[in-house]
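Peer 1: Take this structure first; my questions come after.
The values are calculated or read from the model by the stated rules, or taken from the named source; none is laboratory data. No experiment lies behind these values; they were computed from the predicted model shown. Cβ sites come from the backbone with ideal geometry, for glycine too, and all protein chains shown count toward neighbours.
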Amino acid sequence: MDTAAMAAQARRVVDMVETAILGKRHTIQCALATLLSKGHLLIEDIPGVGKTTLAKALARALGCDFKRIQFTPDLLPSDITGTSVYNQKTQEFNFRAGPVFANVVLADEINRSTPKTQSALLECMEEHQVTVDGITYPLPAPYFVIATQNNIELSGTYPLPEAQLDRFTSRLSMGYPGREDELRILRDQVRTKPIDSIEPVMNAAEVVALQNGIRDVHVDSTLQDYIVNLVTATRNHPAISLGASPRGSMSLHYASQAMALLAGRSYVQPDDIKALAVAVLAHRVIVRPEQRIKGLNSQAIIQEILKQIPVPVAAVT
């Protein structure tokens, strides 16, 4: 499949999801770019702005199997991955798969559960497999985890450790809709919910083909240098105590390829990288405590780095 055909497929997904998530086209594009780069997504925002709706709408538009896990303090790792159950008739243990066995998995309010339960997702996200009682079970392809958390109400929560945050390709925030979009939401949902009318425009096999296809999107060597320069700057910034890892460089590289494809191009431009830099890098850095007290956050620092690092001239032209 050529670039134009793949781009048309991806745009149909964005258009379909946008019928349920109004006024958030860039957020939808970033979410789809994360999926196409074979990564995972963390959505951090207040309740009621459409985090769960985005996950459901994306799964439906892609024609993929969807499972939702509501993370609570009493949730156990086996509730997520599955467990072996003894069958008295056959006198054998049979594996009963957990809800992680789906193409799109929504880990809702992931920071409500204990670190032990949160860590049950690590193998799933990194190796796309689950190991129970010494037996490894492959997860379906494509495999995409969307985790949500409320960044306001933190009482009784367990912050995600840096090792798990680093597994998420990008972190997004939905934000409030604009006034006109909110009026449309009210009018459109008087009788029905727009998400109920979403139809699949792809299937799982086509999604996998698209994921493999974006790796052929050309990234100029000057842009690879640009990505590394951005990531290196996070490690040397005086307000940051821990910079982004090499996984951050790879995530930004792959996600920018997907963003270029969404724009209908077979090559990456600097704007593709800049559009994703905050989402991909901000959650991977730790801001020094004295800077947080002053109100400085990681997003603002990445924006500052983007202004400081020169954009490759050859790549622009």
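Peer 1: Within the bounds of segment 130-140, is there any residue that is within 24 Å of Glu206 (Cα to Cα), in contact with an Asp or Glu (Cβ under 7 Å, 6 or more places away or on another chain) and without any contact (Cβ under 8 Å) to a residue 24 or more places away in the chain?
Peer 2: Scanning segment 130-140, I find no residue that is within 24 Å of Glu206 (Cα to Cα), in contact with an Asp or Glu (Cβ under 7 Å, 6 or more places away or on another chain) and without any contact (Cβ under 8 Å) to a residue 24 or more places away in the chain, so the answer is no.
Peer 1: Considering segment 221-235 alone, what residues qualify as being in contact (Cβ under 8 Å) with a residue 24 or more places away in the chain, farther than 15 Å from Tyr254 by Cα and not aliphatic (A, V, I, L, M)?
Peer 2: Residues satisfying the conditions are Thr222, Asn229, Thr234.
Peer 1: Further, regarding this structure: Only one residue in Val207, Val145 is part of a helix (DSSP H, G or I) and either touching a Cys at 6+ places or on another chain (Cβ under 6 Å) or assigned by TED's automatic domain parsing to the domain that holds Glu109 (or both). Which one?
Peer 2: None of the others qualify; the one that does is Val207.
Peer 1: Quick check, is Gln118 out of contact with any strand residue (DSSP E or B) (no Cβ under 8 Å at 6 or more places or on another chain), without any contact (Cβ under 8 Å) to a residue 60 or more places away in the chain, at positive phi and not charged (D, E, K, R)?
Peer 2: Considered against the rule, which asks whether it is out of contact with any strand residue (DSSP E or B) (no Cβ under 8 Å at 6 or more places or on another chain), without any contact (Cβ under 8 Å) to a residue 60 or more places away in the chain, at positive phi and not charged (D, E, K, R), Gln118 comes out as no.
Peer 1: May I ask you to verify whether Asn297 is more than 23 Å from the chain's Cα centre (by Cα), free of Cβ contacts under 8 Å to residues at least 60 places away in the same chain and surrounded by fewer than 20 Cβ atoms within 10 Å (Cβ to Cβ)?
Peer 2: No; evaluated as a whole, the condition is false for this residue.
Peer 1: Does Tyr267 qualify as being surrounded by fewer than 18 Cβ atoms within 10 Å (Cβ to Cβ), closer than 22 Å to Ala33 by Cβ and touching a residue at least 24 places away in the same chain (Cβ under 8 Å)?
Peer 2: Yes, satisfied.
Peer 1: Out of the residues in segment 226-242 that are within 20 Å of Ala163 (Cα to Cα) and touching a Leu at 6+ places or on another chain (Cβ under 9 Å), which is surrounded by the most Cβ atoms within 10 Å (Cβ to Cβ)?
Peer 2: Val231
Peer 1: Testing Arg265 on (1) part of a helix (DSSP H, G or I); (2) of a type in the set (D, E, K, R); (3) more than 25 Å from Pro161 (Cβ to Cβ); (4) at pLDDT below 95, one condition comes back false. Which one is that?
Peer 2: In the conditions (1) part of a helix (DSSP H, G or I); (2) of a type in the set (D, E, K, R); (3) more than 25 Å from Pro161 (Cβ to Cβ); (4) at pLDDT below 95, Arg265 misses (1) alone.
Peer 1: Check off (1) more than 23 Å from Asp15 (Cβ to Cβ); (2) surrounded by fewer than 20 Cβ atoms within 10 Å (Cβ to Cβ); (3) touching a residue at least 60 places away in the same chain (Cβ under 8 Å); (4) touching a helix residue (DSSP H, G or I) at 6+ places or on another chain (Cβ under 8 Å) for Asn151 and give me the number that stays unchecked.
Peer 2: (4)
Peer 1: Go through segment 7-34 and count every residue that is over 16 Å from the mean Cα position of the chain (by Cα) and surrounded by fewer than 23 Cβ atoms within 10 Å (Cβ to Cβ).
Peer 2: Result for segment 7-34: 11.
Peer 1: Look at segment 142-173 and say how many of its residues are under 11 Å from Glu44 (Cα atoms) and among the small types (Gly, Ala, Ser).
Peer 2: Within segment 142-173, residues that are under 11 Å from Glu44 (Cα atoms) and among the small types (Gly, Ala, Ser) number 3.
Peer 1: Select, from Ser84, Ser119, Ser37, the only residue that is more than 30 Å from Val278 (Cα to Cα) and either of a type outside the set (Lys, Arg) or surrounded by 15 or more Cβ atoms within 10 Å (Cβ to Cβ) (or both).
Peer 2: Ser84
Peer 1: Select, from Pro238, Pro177, the only residue that is assigned by TED's automatic domain parsing to the domain that holds Gln118, assigned to a loop (DSSP other than H, G, I, E, B) and not β-branched (Val, Ile, Thr).
Peer 2: Pro177
Peer 1: Determine which member of the set Asp65, Asp45 is within 30 Å of Val201 (Cβ to Cβ) and under 16 Å from the mean Cα position of the chain (by Cα).
Peer 2: Going through Asp65, Asp45 in turn, just one is within 30 Å of Val201 (Cβ to Cβ) and under 16 Å from the mean Cα position of the chain (by Cα): Asp45.
Residue-by-condition table, conditions (1) touching a helix residue (DSSP H, G or I) at 6+ places or on another chain (Cβ under 6 Å); (2) modelled with pLDDT under 95; (3) surrounded by fewer than 17 Cβ atoms within 10 Å (Cβ to Cβ):
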residue: Thr169; (1), (2), (3): yes, no, no
residue: Glu182; (1), (2), (3): no, yes, yes
residue: Asp188; (1), (2), (3): yes, yes, yes
residue: Thr192; (1), (2), (3): no, yes, yes
residue: Ile198; (1), (2), (3): yes, yes, no
residue: Met202; (1), (2), (3): yes, yes, no
residue: Ala209; (1), (2), (3): no, yes, yes
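Peer 1: Against the definition (over 21 Å from Leu160 (Cβ atoms), out of contact with any Pro (no Cβ under 6 Å at 6 or more places or on another chain) and either small (Gly, Ala, Ser) or assigned by TED's automatic domain parsing to the domain that holds Cys64 (or both)), how does Ser251 come out, yes or no?
Peer 2: no
Peer 1: Same structure, new question: Tell me, which strands (runs of 3 or more DSSP E) wholly within segment 88-137 include 1 or more residues that are in the same structural domain as Lys38 (by TED's automatic domain parsing) and under 21 Å from Thr157 (Cα atoms)?
Peer 2: Those strands (runs of 3 or more DSSP E) span 104-108.
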